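Comments concern the structure below.
The values are calculated or read from the model by the stated rules, or taken from the named source; none is laboratory data. On a predicted model such as this, the values are computed, not experimentally measured, just so you know. When we count neighbours, we look across all protein chains shown, and the Cβ atoms used for this are built from the backbone with ideal geometry, even at glycine.
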């Protein structure tokens, strides 16, 4: 999409996100938007937890009835089938421009007459489109797992239908750009997530330890790193907490340490002094590896997903090809045999700055705001994917090549 300098009226903007419960990379993106547009209300299913970002502790946050459900937030993933109903119960003012951050259900927001919807897509919902990993990790009851699997075609159909009302999809990576096209038959513009690179400085000579900063959940594949560094006998520091922590600690040797949740100051200090950052899972983008590069630290990443767009092989890091400890251990040995230029690594991270994200996002929102709003009510939107061309979105907005 061509950028343009048209002014965006902040009073016309509303924000939305799936839920504000676990504070991860997607929530950092919403936080940046909330700070850039301080008067925009934030619509979500539920907001709770002791670790909320400051921007979310505000009366501007509009929650659904799920906020009052017993068992929340602990059961928020198991209650996924309620989220469509929760979002359908929310009401946006007519004629607004909605920026919708979504990896699951926020697209279910009803679209009032004259409104325009821009979806910042972290991924099409994995619940529906690649459900096996979710079912194995999140639903232990075999009978419930069988029932949910039977429901997946209905959820996929409904998700596809909701995608029809989006005026513009923004993908957080080329990886997600491809998945949006596969799942929804829609084109999208790639705008990489904001990374606060100014918070970090190139550190001095790294100490003799490697670093992971992550929620400890199974799909992050932290177990590969724990096993690899236990076998290597090298120091690995893991910052973060989550349901997989006990299992990881049980398999860890004496050179692997767990710090739990840590302040931004501790994270920054560890990133500035580590030897390299380890990124063993497959993510749609992955903000933390970019933060590590902002400190001038090389990254060892699994060769998949967003890391292929943020790590320059041989210049800012290395990839390992197989999801097993031996492959990761081989990459560690290779990294230690090379010299790394921290300032070259830092320059790569600067491509993903918050300033760049906000500039690109404002340009896109301004262009969507200038287009005529849809004349049909939401209920009449079709549910079949359109045959979109490579340079035009199905809503008629011209897109740049990604």
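Count of the stretch 222-251 residues, restricted to those that are buried (at least 17 other Cβ atoms within 10 Å of the Cβ), modelled with pLDDT of 95 or more and assigned to a loop (DSSP other than H, G, I, E, B), is 2. Among residues of the stretch 140-166 that are over 28 Å from residue 119 (Cα atoms), those with a beta-carbon under 7 Å from a residue that is in a helix (DSSP H, G or I) at least six positions away or on a different chain give the pairs 145/135. Looking only at residues in the stretch 20-33 that are at pLDDT below 95 and more than 19 Å from residue 283 (Cα to Cα), the one that is surrounded by the most Cβ atoms within 10 Å (Cβ to Cβ) is 20. Among the residues of the stretch 337-355, those that are in contact (Cβ under 8 Å) with a residue 60 or more places away in the chain and surrounded by fewer than 17 Cβ atoms within 10 Å (Cβ to Cβ) comprise 343, 350, 351.
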